[in-house]
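Below is one structure, written out as structure tokens; the observations come after it.
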Amino acid sequence: MRLLAAVGAACLIAGAVSGCSGGGSDSAAGGTITLKVGDFGTFGYNAKGADLFAEYMKLHPNVRIVEDNNANEQNYWNATQAHLAAGSGADDVQAFDISRMGQVTTTLASRFTDLSKVPGVSAANWAPVKWAQGKAKSGTVVGLGTDLGPEAVCYNAKLFKAAGLPTAPDAVAKLWAGSWDAFVNTVGKEYQQHAPKGTYFLDSGEGLFNSVVGSGALQYYDSSGKAVYRTNPSVKAAWQLAGQAVAAGETPGMAQFSTQWSAGFANNTFATTICPAWQMANIVNDAGPKNSGVWNVATAPQASDWGGSYLTVPVQGHHIQQAQALVEWLTEPAQEAKVFATPDVGNFPSNVRAYTDPKVSGARNAFLSNAPIGQIFSAAAQRIPAAPIGEYDGVIRNDMGNGVLLMEQKHTSPTAAWNATMSQITTDTTG
């Protein structure tokens, strides 16, 4: 893998366009090459206002980029896994969600080139958590971070006021003073005591649990790759807090992203949601124009991360060095800032050099009370702990979330829900 990266760098220095490729060539007459970029959902590279693929092709007339997009991430993952296993069929660049990086950096790591030697790539450019979670155990860097999901607390100022709580962001953040326990057991309980009837402090116990776990330096795996979710005190503390929030009636029992959950924003059903940067779009879209200025953004009790993706270059690719150069360019600060500033995308940069770009540092959200979102999320991004991730990190996280829903929707006790969740994880990771 290091050899492939070194060869790619040598080809770039020599100015070669074709002839230094991984698994064959699809060069057209005149030296033009085609780079296929496999991704899912919305990365924003072709979005109006960003147009990054078009910009890159203008800068590199010998390169033609074709996006191989699948709207369904699960289907995309299944197909990509099959290509990697077969040793052929993968695109020149493959994107992966953070939930898949546990497998990409462990059992699949040998299928990807080492991006750490690509000119322009430096660990100092990325948020520590983003760089760390793109590395394989061997030390090779198999993925460069695109977006990141630093978290804040988005809160309904109208409901806070009705419950007698302060509404200014700084005053709101002081209510929980850096403590998840205070968030749930002080602020949450106070809200419920004085809340308008039929409203809840939190939108979701699952979101709370994930955020508390995500703020820990040790989560579901340790640095050796050993699963520690059963014994990690941070995971148990997160589970206990979620159970306490449910028992105190602070959650409505809605699954996040369900129809009922979306309607909750429009109907002002809940007062807070743990809010990764991308969550703002859900609030804007679901709350609707009538609720403009109702929501605001405050610093979370602790820095945490939810979401984000990576770009990789498979070793079986047709044009490895050109694909690596494209990945490096797409993850440069100017490009990541441009994606963030695109209204229909808004993915927050993981490249920390983007945080001084006016598109990021000066960003405000007019719908969310003109909150200085660029400053809030930039500060959070740089405080996220670089926790190790393991092979089944995404699976465990999903099963844990479903376990919290057992407490919310089935009124299962925390102990019984925990035991059921442990059994489910065993089935999903060994079956």
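The values are calculated or read from the model by the stated rules, or taken from the named source; none is laboratory data. Just so you know, these numbers come straight off a predicted model, no measurement behind them. Positions of Cβ are backbone-derived with ideal geometry, glycine not excepted, and every protein chain shown enters the neighbour counts. When the accessible area is computed, the model is the full protein with side chains, heavy atoms only, and any ligands, DNA or RNA have been set aside. Shrake-Rupley method; radii C 1.70, N 1.55, O 1.52, S 1.80 Å.
Of Ala337, Ala287, Ala323, all but one fail to be crowded, with 21+ Cβ neighbours inside 10 Å, farther than 19 Å from Val121 by Cβ and touching a strand residue (DSSP E or B) at 6+ places or on another chain (Cβ under 7 Å); the exception is Ala287. Of note, Thr113 does not satisfy the criterion of being closer than 21 Å to Asp344 by Cβ and among the β-branched types (Val, Ile, Thr).
Here are some residues: Gly293, Gly249. Which one is over 22 Å from Gly308 (Cβ atoms), open to solvent by less than 40 Å² (accessible area, probe 1.4 Å) and assigned to a loop (DSSP other than H, G, I, E, B)? Within the list Gly293, Gly249, the selection yields Gly249. Selection of the range 356-366 for residues being open to solvent by less than 30 Å² (accessible area, probe 1.4 Å) and either under 13 Å from Asp147 (Cβ atoms) or aliphatic (A, V, I, L, M) (or both) yields Val360, Ala363. Taken over the range 193-213, the criterion of being under 21 Å from the mean Cα position of the chain (by Cα) and assigned to a helix (DSSP H, G or I) is satisfied by Gly205, Glu206, Gly207, Leu208, Phe209, Asn210, Ser211, Val212, Val213. The set of residues from the range 63-95 being under 13 Å from Gln316 (Cβ atoms), of a type in the set (Gly, Ala, Ser) and either open to solvent by less than 40 Å² (accessible area, probe 1.4 Å) or in contact with a strand residue (DSSP E or B) (Cβ under 8 Å, 6 or more places away or on another chain) (or both) comprises just one member, Ala90.
Every residue, every condition in (1) under 30 Å from Asn291 (Cα atoms); (2) of a type in the set (Val, Ile, Thr); (3) open to solvent by less than 50 Å² (accessible area, probe 1.4 Å), yes or no:
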residue	(1), (2), (3)
Asp97	no, no, yes
Thr106	no, yes, no
Val118	no, yes, yes
Gln133	no, no, yes
Glu151	yes, no, yes
Ala162	yes, no, no
Ala171	yes, no, yes
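Among the residues of the range 266-282, what is the count of those that are in contact (Cβ under 8 Å) with a residue 40 or more places away in the chain, under 19 Å from Glu250 (Cα atoms) and either part of a helix (DSSP H, G or I) or more than 19 Å from the chain's Cα centre (by Cα) (or both)? Residues flagged as in contact (Cβ under 8 Å) with a residue 40 or more places away in the chain, under 19 Å from Glu250 (Cα atoms) and either part of a helix (DSSP H, G or I) or more than 19 Å from the chain's Cα centre (by Cα) (or both) within the range 266-282 amount to 5.
For the range 47-62: of the residues being small (Gly, Ala, Ser) and touching a residue at least 24 places away in the same chain (Cβ under 8 Å), which is least open to solvent (accessible area, probe 1.4 Å)? Taking the candidates together, the pick is Ala50. Scanning the range 386-406 for residues that are open to solvent by 20 Å² or more (accessible area, probe 1.4 Å) and assigned to a loop (DSSP other than H, G, I, E, B) returns Ala386, Pro388, Ile389, Glu391, Tyr392.
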